[in-house]
């Protein structure tokens, strides 16, 4: 019996390409270690990071449109993000890229250490 799922925002949903059941099956099928399952988990994480990165980059790119169209004398004119906010988003995007690279390097080290002579 599964617990009732609470409704979440589409931004909070997990859109992982590999189902938990698929990863679990890979753990059970693998002999000598759950290599495919590890990679599926890693790829799910990469998918989440890249999806978030895409959103951040669209926000930053869209800000220039807001800058061009913003008219403080027009009620309801959407103000652009501050340079500080754009800098924080850009720094977050860089951190996301670095985290993804570090994850790939960690997994590569795991596999590479197994084939060293």
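On inspection, residue 36 fails the criterion of being in contact with a helix residue (DSSP H, G or I) (Cβ under 7 Å, 6 or more places away or on another chain), at pLDDT 90 or above and part of a helix (DSSP H, G or I).
Against the criterion of being modelled with pLDDT of 90 or more, in a loop (DSSP other than H, G, I, E, B) and exposed (fewer than 10 other Cβ atoms within 10 Å of the Cβ), residue 6 does not qualify. Checking the structure you have, find out if any residue of region 53-76 is within 16 Å of residue 103 (Cβ to Cβ), part of a helix (DSSP H, G or I) and at pLDDT 90 or above. Yes - at least one qualifying residue is present in region 53-76. For the residues 12, 21, the requirement of being out of contact with any strand residue (DSSP E or B) (no Cβ under 6 Å at 6 or more places or on another chain), assigned to a loop (DSSP other than H, G, I, E, B), exposed (fewer than 13 other Cβ atoms within 10 Å of the Cβ) and modelled with pLDDT under 90 singles out 12.
The values are calculated or read from the model by the stated rules, or taken from the named source; none is laboratory data. Keep in mind that this is a model prediction, so the values were computed, not measured. Neighbour counts are summed over all protein chains in view; Cβ atoms, including those assigned to glycine, are modelled from backbone coordinates with ideal geometry.
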